[in-house]
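Colleague: My structure is below; once you've seen it, I'll send some questions.
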Amino acid sequence: MNALLFLGTLVAMEGVAWVTHRYIMHGWGWSWHKSHHQPRTGLFEKNDLFALVGTAISMSLIAFGADELGPTWWIGWGMAGYGFCYFIFHDGLVHRRWPLRWHPQSGYLKRLIQAHKMHHAVHEKDGALSFGFLYARPLPELKRQFQELQNRKG
Ligand SMILES: [Zn+2]
Ligand SMILES: [Zn+2]
């Protein structure tokens, strides 16, 4: 049951991340996220604050359930697990913020990387696509949607 709570949270976090990215980061949180759609000048960017908030929430949940290893302990670790995957994939594989000798040339990971690069093809708050981090639709579908968005912009 507890393993389920952990894994369920990890999977559900992709949905939470999608909604956050689509409606908060590309919404009222744009002033933080904007930095991630522009060239980085230093080691950090304002957008990292989102990861910090996520870490604070997950650590609080873990601390809260620590006495009897209650549900929040497992949920907190599920969130942390997602954060770890995000760190490997997003900051490592896609943006290469830390040295990683892994360059997927094919398969799902390659698709995921290209999908996120398409997200970065748009530098504004509006009109972006592909907001997920660990799940992406097939590339032909994304390319079609990208064209539609470009056409709509005129
Ligand atoms: Zn974005
Ligand atoms: Zn990114």
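Colleague: What's the center-to-center distance, using Cα atoms, between region 1-50 and region 91-154 in Å?
Modeller: Measuring centre to centre over Cα atoms gives 15 Å.
Colleague: Next question, about the same structure. Using a 10 angstrom cutoff on alpha carbons, build the Gaussian network for the chain and name the most mobile of Trp28, Trp102, Trp18.
Modeller: Trp102
Colleague: A follow-up question, please. What nm value, rounded to one decimal, do you get for the distance between His120 and Arg137 when each label is placed 7 Å out toward the C-beta?
Modeller: Output for this residue pair reads 2.2 nm.
Colleague: Related question: Say a paramagnetic label sat at a point 7 Å from the Cα of Ala63, along Cα to Cβ; which residues of region 80-100 have their backbone N under 16 Å from it?
Modeller: Zone members listed by number: 80.
Colleague: Counting each DSSP H run of 4 or more residues in the chain as -39500 (n - 2.57), what helix-only mean residue ellipticity at 222 nm follows after dividing by all residues, to the nearest 500 deg cm²/dmol?
Modeller: Result for the chain: -17500 deg cm²/dmol, rounded to the nearest 500.
Colleague: Turning to a different aspect of this structure: How would you classify region 2-154 from its alpha-carbon gyration tensor, with a ≥ b ≥ c the square roots of the eigenvalues: rounded for a/c under 1.5, else prolate if a/b is greater than b/c, otherwise oblate?
Modeller: prolate
Colleague: Using a Förster distance of 30 Å, how high is the FRET efficiency between Leu5 and Asp91, based on the Cβ-Cβ distance and rounded to 0.05?
Modeller: Plugging the Cβ-Cβ distance into 1/(1 + (r/R0)^6) gives 0.70.
Colleague: Then there is this: As a quick test, which of the pairs Lys46/Lys143; Lys34/Lys153; Lys117/Lys153 have an alpha carbon distance above 26 angstrom in this structure?
Modeller: Lys46/Lys143
Here, each number is a calculation from the coordinates, and none is a lab measurement. Bear in mind that the values here come from a model prediction, so they are computed numbers and not experimental data. Neighbour counts are summed over all protein chains in view; Cβ atoms, including those assigned to glycine, are modelled from backbone coordinates with ideal geometry.
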